[in-house]
Amino acid sequence: RTIDKQVRLLDVAPTLAGLLGIEVPEEWEGRNLAPWVRGEAAPEALPFYGETSFPFVQFKVDGVERPPLPPMDEMTFIDPDYNYQFVIRSEFEEPVLAAKQRCLMTERWKLVCTPAADGSRHFALFHLVDDPDSLHDLADERPEILEPMRTALELWMDRKIETTVRGIFPAGEP
């Protein structure tokens, strides 16, 4: 069965558990999409919330001074307790978290939040249908799209609460 809607990687485990009849633990993120697969519920648009991983590279954004971070070898160490993988030193966990770019994507729109060195947040809005490479920021031109998406993205960034596409755009995604 093909689902012609955006789904997220974090929905895979709950969906597999649902298909196997295994109770999904409450602490799991993601949504059980088994009813979609079984044809018991109609697929609906899901928002994608994402963030950059460890900032090996901090992407430049015109007019935004990014939070300063030291070189990777100063922020990390190889931890034998974690199979000799790189681990962020505890004193750098908060600065790394604060420097991450985050985004909210729907089927037609993408909003990217870039943290600035002064603690402010810069938002860039892209129309994915007309601009799939996200080259033309429409934040100033489309405040009616920017504001509900910004509210939803900040709610997720600050409190880890996801807003549905219907919650972002009650009249339907423009």
Inset, instruction - Run Trp28 past the list (1) under 20 Å from the mean Cα position of the chain (by Cα); (2) more than 18 Å from Trp156 (Cβ to Cβ) and report the number of the one that doesn't hold. - result: (2)
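Conditions (1) outside any helix (DSSP H, G or I); (2) open to solvent by 40 Å² or more (accessible area, probe 1.4 Å); (3) touching a residue at least 24 places away in the same chain (Cβ under 8 Å); (4) in contact with a helix residue (DSSP H, G or I) (Cβ under 6 Å, 6 or more places away or on another chain), marked per residue:
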{"site": "Glu93", "(1), (2), (3), (4)": "no, yes, no, no"}
{"site": "Ala124", "(1), (2), (3), (4)": "yes, no, yes, no"}
{"site": "Val129", "(1), (2), (3), (4)": "yes, yes, no, no"}
{"site": "Leu138", "(1), (2), (3), (4)": "yes, no, no, no"}
{"site": "Glu147", "(1), (2), (3), (4)": "no, yes, no, no"}
{"site": "Leu155", "(1), (2), (3), (4)": "no, yes, no, no"}
{"site": "Ile161", "(1), (2), (3), (4)": "yes, yes, no, yes"}
Inset, instruction - For segment 41-55, state whether one or more residues are open to solvent by 60 Å² or more (accessible area, probe 1.4 Å), part of a loop (DSSP other than H, G, I, E, B), within 27 Å of Ile168 (Cβ to Cβ) and of a type in the set (Phe, Trp, Tyr). - result: no
Legend entry - Failed condition for Ser134, given (1) outside any helix (DSSP H, G or I); (2) surrounded by fewer than 12 Cβ atoms within 10 Å (Cβ to Cβ): (2)
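Counting only residues that are modelled with pLDDT of 90 or more and open to solvent by less than 50 Å² (accessible area, probe 1.4 Å), which one in segment 23-40 is farthest from Val7 (Cα to Cα)? Quick ask: steps written out before the conclusion?
So the first thing to find is which residues in segment 23-40 are modelled with pLDDT of 90 or more, and the list is 23, 32-40.
Within this subset, residues satisfying the condition of being open to solvent by less than 50 Å² (accessible area, probe 1.4 Å) are 33-36, 39.
Values: Leu33: 9, Ala34: 12, Pro35: 14, Trp36: 11, Gly39: 16 Å.
Only one residue fits best here, namely Gly39.
The values are calculated or read from the model by the stated rules, or taken from the named source; none is laboratory data. Computed from a predicted model, the values in this text were never measured in an experiment. Cβ: placed from backbone, ideal geometry, glycine included. Neighbour counts: every protein chain shown. Ligands, DNA and RNA are stripped out before the accessible areas are found, and what is left, the full protein with its side chains, is counted by its heavy atoms. Shrake-Rupley method; radii C 1.70, N 1.55, O 1.52, S 1.80 Å.
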